[in-house]
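Accompanying notes for the structure given below.
The values are calculated or read from the model by the stated rules, or taken from the named source; none is laboratory data. Predicted model, so just to flag it, every value in this text is computed and none were measured. Cβ atoms come from the backbone with ideal geometry, glycine included; neighbour counts cover every protein chain shown.
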Amino acid sequence: MKVVFHPRVVSELKAIIKYYEEVADATLADEFYNEFRRRVAYAVEHPEYFSDRVGKFKQVNLKKFPYNFLFRQQDDVIRILVVRHHARHPKYGSERT
């Protein structure tokens, strides 16, 4: 299965990584990014595990960090639409396609 990121996801990830580098260090930033990658890989392998949360999108929570991402599956493509902090409004990013 192919993974495609919405263009704004890259900037969201960069901002989160920069934040962790500034408040802690590069190790914590790397831990965040590695956990994000593991959860994306899990969503690719088991998209049926996640139920629809926001409209037709599925939500994946990170385990160690207070972030989640929304994705949509279309045939053999997983499209990651948004990476957001748990404190964000639940509809943040849900308008993306």
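Numerical summary
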item: Selection count, the range 55-79, where residues are assigned to a strand (DSSP E or B) and surrounded by 16 or more Cβ atoms within 10 Å (Cβ to Cβ); result: 13
item: Condition broken by SER11, with the remaining ones in (1) surrounded by 15 or more Cβ atoms within 10 Å (Cβ to Cβ); (2) under 21 Å from TYR92 (Cα atoms) satisfied; result: (1)
item: Selected residue [closer than 18 Å to HIS6 by Cβ, buried (at least 17 other Cβ atoms within 10 Å of the Cβ) and of a type in the set (Phe, Trp, Tyr)] from PHE50, PHE32; result: PHE50
item: Which listed residue, of ARG88, ARG38, is modelled with pLDDT of 95 or more and either surrounded by fewer than 17 Cβ atoms within 10 Å (Cβ to Cβ) or among the acidic types (Asp, Glu) (or both); result: ARG38
item: Those residues of the range 66-97 which are in contact (Cβ under 8 Å) with a residue 40 or more places away in the chain and within 13 Å of ARG39 (Cα to Cα), in sequence order; result: TYR67, PHE69, ILE78, ILE80, VAL83
item: Residue tally, condition farther than 15 Å from ASN68 by Cβ, out of contact with any helix residue (DSSP H, G or I) (no Cβ under 9 Å at 6 or more places or on another chain) and touching a residue at least 24 places away in the same chain (Cβ under 8 Å), over the range 9-44; result: 1
